[in-house]
Amino acid sequence: MAKLRTVFHHKFWKGVHSLSVSLPLDSADPEAPAGPRQIPVFAVAALGFIAVSVTLLLLGRLAIDHQVAIGRQEFEPGIGWFGQWVRWDGNWYYRIAHNGYSFTSGQQRAVAFWPSYPMAIRGLALLTHDEYDAGLIITWLSGFVTITLLARWCQDRMTRMASIAAVITLLLFPYAWYMQWSVYGDALFAACAIGAFMLLERDKTVLAGLLGAFAAAGRPMGLAVVAGLLVLALERREAFLPMLARSDTQGRSDSQDDPTSSTREPRWRRALLWLHFPRSIQFRKLKPKDAGVLLSLLGPLMYMGFLWQTEGTPFAFADAESAPGWDHKPGPATWFKLNVIGGLRDVGLTRETGGMLLHGFLAIGAVLLVPKVIRRFGWGYGAFCIVLIGIPVISSKDFYGLGRYLIPAFPVVAVAGEWLSKRPVWLRAGVWTVSGTMLAFLGYSYARGLYLA
């Protein structure tokens, strides 16, 4: 019996090891003997996405008997396998796709929601004859594209184990139902963003700019795509001259004679050197075709131009976001999240304040990973993450929504996955179990009708 246990233990952990630490096929020794066939990272992403989709769909079905009666759901198309996933902002997208934009200063209006997603809904609705169905289809397909593109993007620069870890991390992200069954634009934005970067890396600058424009017209944070593409285009041409250590500019003789000499770097400068911070930019290294990425500016510029012509101000979306009920007004109360502090002081830890803290915790964690993104993948992806996360962190009054806004932050997901891939199996399993449990609970609660993001 003891021998049988020993054999089982050896074979079990040998199988786990082969699944988790094998390098990509293109890095393997071609003359090495063929090992057991491994599931491609793409297949892990695709099958995992379908598995999570089915699980959430079943949980949504169970939520039908525990619906929360909320009057703001006046546009909800009914209950069923899919009806309970049409919530909150999904009703605004329905209005835009069905009736177009409207704006009244000082009131909540549709102009707060940028046009890429409702435009896609209106186009697909020509076939489905229903805007809600179109929205659900677009979200699911966009989520599938996002997770499979993430798998490919990670494989291009990380080990197989790290790529799979990144895929699983996003699949089990607590707010991942927003790229599964909700009528929200996060999944479409994520798919377009990662697609634009991959096109640029393949030197398809015009296509990258056009897809970037569509992504950037999806939300104010779409400017992150513009910034990231522009910086990445400079990086690809090696237009950034990195900072040099003082020992490199003054010679090494002084530092060799006296380790405490003036060539010793101060802490702030060592941090910039670690981040490969550029000391200058050589624009002459750019090629004419690189101008294609400038097309990404058309997305936000065209929407703001539309608002200027129809509503009299290019910033009508910001006016609507500041309206009573949303109250995302710029100022110290928003910047320093006084609403969160006041809520905790007045009512303590409730479902609402707990949600604020969860969103804030995830956002702060993502911010802390940005330097690693820059160090690992470069300033192009770093600029993308800085703007993508920075805009909502600054402009949100209470962190709400930050959880789903992190779904497009694929470089942060990659860094987190790579970190997890180097940790013990029990730690990875623990993190994914907690995250997946939160996803199931929050997805079920959302299907009940609770406002969570």
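Structure summary
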quantity	calculated
Ordering of 133-139, 264-270 by burial proxy (mean other Cβ atoms within 10 Å per residue, highest first)	133-139, 264-270
Among 226-236, 384-394, 426-436, 343-353, the order from most to least packed when residues are scored by Cβ within 10 Å on average	226-236, 384-394, 426-436, 343-353
Between the range 165-210 and the range 108-131, the alpha-carbon center distance in angstrom	19
Residue 345-residue 441 pseudo-label distance in nm [points 7 Å out on the Cα-to-Cβ vector]	2.9
Cα gyration tensor, the range 138-214 - rounded (a/c under 1.5), prolate or oblate	oblate
Per-residue ³J(HN,Hα) for the range 440-450, Karplus 6.51 cos²θ - 1.76 cosθ + 1.60, θ = phi - 60°, Hz, x for Gly and Pro	5, 5, 5, x, 4, 5, 4, 5, 6, x, 7
Karplus 3J(HN,Hα) series, Hz, for the range 422-434 with 6.51 cos²θ - 1.76 cosθ + 1.60 (x for Gly, Pro)	9, 9, x, 4, 5, 6, 4, 4, x, 4, 5, 5, 5
Whole-angstrom Cα spans of the range 325-409 along principal axes, big to small	44, 24, 17
Violating pairs (Cα-Cα greater than 32 angstrom) within the set 287/372; 337/372; 287/329	287/329
Potential extension, residue 364-residue 310 segment - 0.36 nm per residue separation minus Cα distance	15.6 nm
Label point distance in nm, residue 265-residue 66, each placed 7 Å from Cα along Cα→Cβ	5.3
Whole-percent pair-distance distribution, where bins are 5 Å wide, for the alpha carbons of the range 265-322	4, 13, 12, 10, 10, 10, 12, 16, 9, 3, 1, 0
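Since every read-out is calculated from the coordinates, none of them should be taken as a lab result. Note that the structure is a prediction, hence the values are computed from the model and not measured. When we count neighbours, we look across all protein chains shown, and the Cβ atoms used for this are built from the backbone with ideal geometry, even at glycine.
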